[in-house]
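The block underneath contains the structure these notes are about, expressed in structure tokens.
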């Protein structure tokens, strides 16, 4: 039966492949092993304290613009954009509140890409934790001068566009396969 209907087999393979490839990354669960503050500081490129100024998301990625007031490790400007997955299931930090102060454990440092991860240790600011971090890194320093334009969210992540175009190509392939099968 399978040999007489190769179009159906091909269609099933294309659909299966499409589902695997086009499934958004949040479908894979994030699991963090318990780590100490010292391990979190060591793993981070930058450790800084500051407040969230604004947040934006494209559904896949969340961007936070923060005002940095203290840098414990690495380099950070007075304002920075930090990116994370929009979903905690994909290791995103979740919804950080605008106007609230946090202690950020950041992958990367200024002027490069700066990312946050659920397992990194970013948490609401706490004086005792800040003192513990300072005992590891030394006293906090002031952030670098920020560029003059802080702007609003740029939504520069093009993940949704790529996924949409991939879905369109997949649908065109499926339509062509179905049309060829009916002939």
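The values are calculated or read from the model by the stated rules, or taken from the named source; none is laboratory data. Everything quoted here is computed from the prediction, not taken from an experiment. Reconstructed Cβ throughout: ideal geometry from the backbone, glycine too, with neighbour counts over all protein chains shown.
For the stretch 92-99, the count of residues that are in contact with a strand residue (DSSP E or B) (Cβ under 7 Å, 6 or more places away or on another chain) and at pLDDT below 95 is nonzero. Among the residues of this structure, residue 103 counts as one that is assigned to a strand (DSSP E or B), closer than 28 Å to residue 34 by Cβ and in contact with a strand residue (DSSP E or B) (Cβ under 7 Å, 6 or more places away or on another chain). Tell me which residues, restricted to the stretch 72-88, are part of a loop (DSSP other than H, G, I, E, B) and closer than 11 Å to residue 56 by Cα. Correct list: 86 only. Only one entry of 134, 146 meets the criterion of being under 23 Å from residue 74 (Cβ atoms), surrounded by 12 or more Cβ atoms within 10 Å (Cβ to Cβ) and modelled with pLDDT under 85, and that entry is 146. Among the residues making up the stretch 112-128, a single one is surrounded by fewer than 14 Cβ atoms within 10 Å (Cβ to Cβ), in contact (Cβ under 8 Å) with a residue 24 or more places away in the chain and assigned to a loop (DSSP other than H, G, I, E, B): 113.
For residue 36, are the conditions met, namely being at pLDDT 90 or above and in contact with a strand residue (DSSP E or B) (Cβ under 9 Å, 6 or more places away or on another chain)? Considered against the rule, which asks whether it is at pLDDT 90 or above and in contact with a strand residue (DSSP E or B) (Cβ under 9 Å, 6 or more places away or on another chain), residue 36 comes out as no.
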